[in-house]
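Right, one structure below, let's go through it.
The values are calculated or read from the model by the stated rules, or taken from the named source; none is laboratory data. What you are looking at is a predicted structure, and each value in this text was computed from that prediction instead of being measured. Here the Cβ positions follow ideal geometry from the backbone for every residue, glycine too, while neighbour counts run over all protein chains shown.
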Amino acid sequence: MFAKKYAVLSLAFIVCFAFLAFEAPAHIAWAATKTVPPGDVAALRSYLAGAQPGDILEVSGTYAVSDGTIATSVNGSAGKYITIRGTGSGAVFNFTETAGNAAFHIKNNYYKLENITIDSNAKSNKGILIEASHGYLTKVTVKNTLGEAFKIRKNSQYWLLENCTAESTGQSGKFGEGFYVGDADQNWQTKPDADRSGYITFLNCKAILTKNDGFDFKEGTHHIKVIGSTVDFKNTVPESTLGNNGLFIRANNVQVIGTTVKNNAGTGQAFRANKMTASDGVSYGSNLELKAVTASNLGGAMIHTNFGSTKLYSDYTMTGVAGGLKTSGSATITTVAPSAFTEMTWNGEGGDTYQ
């Protein structure tokens, strides 16, 4: 009996020792949490270049960026996102020299950005440019861009943007939307194919003092939800006679839920939906639903639409809207009881129900 026990203990010791002594082959790398020293932009770029799926890059304090775009170069994977996370009160990326087309450029799949602020200081056209699929942006603020604060294009799909803020876009007299999905057909990247970015949810986001539309969804894009969000022009007049709306929609299958547009001193609408035939000969723009929306203190109307399928649920609120419920010449709007509403879902990021 003693010999058997001794043999079992010896075997257990050998197994434990072998486990502790095991060294992973050189080609295998484990996910890790890495702390980027405050202000060390070079270290962040180095960590991004060598990132492995599941890596978390912790940032804090202020990073003065004087040498262009911060960009990704490797993919994460399903369930193993590469994450840039602001710790504590978060991190600020302060761009001090020209950053070109974008301050941050997400070119690879499966990324998360959390608790960071990007201040373009009118040095970049876009704040965050997403040209990849599968990811989350949480508590991300972008401000002082020449153009769009957040832009998602090149058939990017499955994103959830939660508690994100676009502020003071369109610096130096440029156009500047807050949250932008797709590209106008003349800018499609692989003509004549449309940009089919979609399956995107904006949850509790804010567009504040944007020079143009708070949200802009272009022809070809699809399956987009805007939930619990706010567009506040702060009693200013947006720059463009067309791009001066709370939401400008040419996409298919859009739900706007519990969202407020307010304080537009211009003539833009809270919700503008324009069906159009693009250069590929396809007519884009259908199936818009407005649920529990609010419009207040607007120089224009609440709604302009030429969609043949716009549903306005009767739980909307409208106060101080000079142009009334809809513009002259708008298509018929079907008013529906709130009990008939069903939130869109899909398998992937942003596809849950939130209301």
- Query: Residue check: is PHE93 closer than 21 Å to ARG153 by Cα and assigned to a strand (DSSP E or B)?
  - Reply: no
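Return yes or no: is GLY285 buried (at least 22 other Cβ atoms within 10 Å of the Cβ), out of contact with any Cys (no Cβ under 6 Å at 6 or more places or on another chain) and at pLDDT below 95?
Working: buried (at least 22 other Cβ atoms within 10 Å of the Cβ): yes; out of contact with any Cys (no Cβ under 6 Å at 6 or more places or on another chain): yes; at pLDDT below 95: yes.
Yes.
Looking only at the range 256-308, count how many residues are among the hydroxyl-bearing types (Ser, Thr, Tyr), part of a strand (DSSP E or B) and under 15 Å from ASP232 (Cβ atoms).
Our first condition is that a residue be among the hydroxyl-bearing types (Ser, Thr, Tyr); within the range 256-308, this holds for 259-260, 267, 277, 279, 283-284, 286, 294, 296, 305.
Next cut, part of a strand (DSSP E or B) only: 260, 277, 283-284, 286, 294, 296, 305.
Applying the additional criterion that residues be under 15 Å from ASP232 (Cβ atoms) yields 260, 294, 296.
Number of matching residues: 3.
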- Before we move on, is PHE104 touching a Phe, Trp or Tyr at 6+ places or on another chain (Cβ under 7 Å), aromatic (Phe, Trp, Tyr) and either within 21 Å of TYR180 (Cβ to Cβ) or part of a strand (DSSP E or B) (or both)? no
- Scanning the range 107-122 for residues that are over 16 Å from ASP55 (Cα atoms) and outside any loop (DSSP other than H, G, I, E, B), the one farthest from the chain's Cα centre (by Cα) turns out to be ASP119
- Note on the structure: Residue pairs qualifying under the 6 Å Cβ cut-off, at least six apart or on distinct chains, with the first in the range 224-249 being in contact (Cβ under 8 Å) with a residue 60 or more places away in the chain and closer than 17 Å to GLU167 by Cβ and the second being part of a loop (DSSP other than H, G, I, E, B) and aliphatic (A, V, I, L, M), are ASN235/ALA265
- Considering each residue of the range 309-355, count those that are of a type outside the set (Ser, Thr, Tyr) and in a strand (DSSP E or B), and give that number. 8
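From the residues in the range 180-194 that are in contact with a Lys or Arg (Cβ under 6 Å, 6 or more places away or on another chain) and at pLDDT 95 or above, which one is surrounded by the fewest Cβ atoms within 10 Å (Cβ to Cβ)? Working first, answer last.
Step one: filter the range 180-194 for residues in contact with a Lys or Arg (Cβ under 6 Å, 6 or more places away or on another chain), giving 180, 182-184, 189.
Those still in the list that are at pLDDT 95 or above too: 180, 182.
On the way: TYR180: 27, GLY182: 30.
Filtering the range 180-194 for residues that are in contact with a Lys or Arg (Cβ under 6 Å, 6 or more places away or on another chain) and at pLDDT 95 or above, the one surrounded by the fewest Cβ atoms within 10 Å (Cβ to Cβ) comes out as TYR180.
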- Answer with yes or no whether GLY266 is touching a Leu at 6+ places or on another chain (Cβ under 9 Å), of a type outside the set (Val, Ile, Thr) and on the phi > 0 side of the Ramachandran plot. no
- Out of the range 177-212, which residues are in contact (Cβ under 8 Å) with a residue 40 or more places away in the chain and charged (D, E, K, R)? GLU177, ASP185, LYS191, ASP193, ASP195, ARG196, LYS206, LYS211
- Please work out which one of (1) outside any loop (DSSP other than H, G, I, E, B); (2) more than 18 Å from GLY243 (Cα to Cα) is the condition THR190 fails and give its number. (1)
- Considering only the range 305-347, state which residues are small (Gly, Ala, Ser), surrounded by 16 or more Cβ atoms within 10 Å (Cβ to Cβ) and modelled with pLDDT of 95 or more. GLY323
- Message: Please pick out the residue among ALA3, ALA42, ALA64 that is out of contact with any helix residue (DSSP H, G or I) (no Cβ under 7 Å at 6 or more places or on another chain), at pLDDT 50 or above, surrounded by fewer than 16 Cβ atoms within 10 Å (Cβ to Cβ) and part of a helix (DSSP H, G or I).
- Response: ALA42
- Taking the residues in the range 264-282 that are surrounded by 17 or more Cβ atoms within 10 Å (Cβ to Cβ) and of a type in the set (S, T, N, Q) as candidates, determine which candidate is farthest from LEU203 (Cα to Cα). THR267
